[in-house]
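Single-structure report; data block below.
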Amino acid sequence: MSDLPDIIPDEFFTAIGQVTNLWASFEFYVDQLIWDVGHFNPHLGACVTSQLMSVAPRFRALVVLAEQRGVPDDLIKELNQFSVRADKTGRKRHRYAHDPLFLAGESLETATEVKRLQLTADRKLIYRFQSIEVDEIKAVHLEIHQMNRDFVALSTRVRGSLRALPRTFRWRQP
C-alpha cells in the first residue's frame, strides 16, 4: 500500500456520473419522440433506436420521420437546430465520460491537480492533458438539464402537430 496521494476526489466522479445519467435521459427523450413520430410501439422502437449510437443519427432519423409525417416546416427547422445544439453539448459530455482522469503535480508525492487526458482525432489530432475542475463538469450538467427541458417542450409541440395530422404517412419526394 502506497502513501502517495493518487486518489482523485470522489466529487469528480459524482459530477461525471450526474452528467452521464442526465445525458442518458436526453437520449431517451429523443428515442421516445422517434417512437411517437414513427408510430412505433416502444418495445419495437427500442429495437431500432438502441442501435443508434449517438444523438446525431437519432436526430437524422427523427427529422426524416417528422418530414414524412407532415410535421410543419418550422418545427422541422427547430429539430435541425436542436440537433446542432445537442451535438455541441454532447461533445462536452463525451470528454467527461470518456477521457481518463489523472493527478498531476511537481512530483508523485505532491500530485494534487486533476487533469483529463483528451485523445481525439476528429479531423485534427488532440493528444493532451487538460486541467479540470468540478465546477466545469457541473456547468455541463446544468447545460444538459436545460437542454432536456427545452427538448421536452419542443417534443410536446411536435406531438401536438401530429394530432392534427392524419395517422397515415405522406411520402414526400426530395
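Every number here is computed from the coordinates shown, using simple stated rules; none is lab data. As the structure is a computational prediction, the values presented were derived from the model and not from experiment. For neighbour counting, all protein chains shown are included, and Cβ atoms are generated from backbone atoms with ideal geometry for every residue, glycine included.
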Discussion item. With 10 angstrom as the radius, rank MET147, MET53 by how many other C-beta atoms surround their C-beta, starting from the fewest.
Written reply: MET53, MET147
Worksheet item: Relative contact order for the chain using alpha-carbon pairs under 8 Å, separation at least 6, rounded to a whole percent?
Response: 31
Item to complete: Over the range 1-97, calculate the relative contact order: mean separation of alpha carbon pairs under 8 Å at least 6 apart, over the residue count, as a percent.
Response: 29
Fill in: Lysine pair number, Cα distance threshold 19 Å (strictly under), the range 10-163, separation 8 or more or different chains
7
Item to complete: Give a quick list of trypsin sites (Lys or Arg not before Pro) in the range 37-133 that DSSP marks as loop, anything other than H, G, I, E or B, with at most 11 other Cβ atoms within 10 Å.
Response: ARG123, LYS124
Item to complete: Pop out the ³J(HN,Hα) list for the range 10-16 in order, Karplus 6.51 cos²θ - 1.76 cosθ + 1.60 with θ = phi - 60°, rounded to Hz; leave Gly and Pro as x.
Response: 4, 4, 5, 6, 5, 5, 5
Fill in: Backbone HN-Hα couplings from phi across the range 87-101 [Karplus 6.51/-1.76/1.60, Hz, Gly and Pro as x]
5, 4, 5, x, 5, 5, 4, 4, 4, 6, 6, 10, 8, x, 9
Worksheet item: Residue-wise, which Karplus ³J(HN,Hα) couplings in Hz belong to the range 142-159, taking 6.51 cos²θ - 1.76 cosθ + 1.60, θ = phi - 60°, and x for glycine or proline?
Response: 5, 4, 5, 4, 5, 4, 4, 4, 5, 5, 4, 5, 5, 4, 4, 5, 5, 4
Worksheet item: GLU113's amide H: which non-local residues (gap 5+, or another chain) put their own amide H closer than 5 Å, with H modeled 1.01 Å from N in plane and none for Pro or chain starts?
Response: ALA104
Practice prompt. Quick one: among ALA139, ALA46, ALA111, which has the greatest mean-square fluctuation in a GNM of the chain with alpha-carbon springs under 10 angstrom?
Written response: ALA111
Worksheet item: Scanning the chain for chymotrypsin sites (Phe, Trp or Tyr not before Pro) in DSSP loops with at most 13 other Cβ atoms within 10 Å, what's the longest stretch left with none?
Response: 1-168
Practice prompt. Kindly provide the GluC sites (Glu not before Pro) of the range 73-143 that DSSP labels as loop, not H, G, I, E or B, and whose Cβ sees at most 14 other Cβ atoms within 10 Å.
Written response: GLU106, GLU133
Worksheet, complete the sentence: Placing +1 on each Lys and Arg Cβ and -1 on each Asp and Glu Cβ in the range 10-163, then taking the dipole about the Cα centre, the residue among VAL55, HIS98, ALA121 whose Cα reaches farthest towards the positive end is VAL55
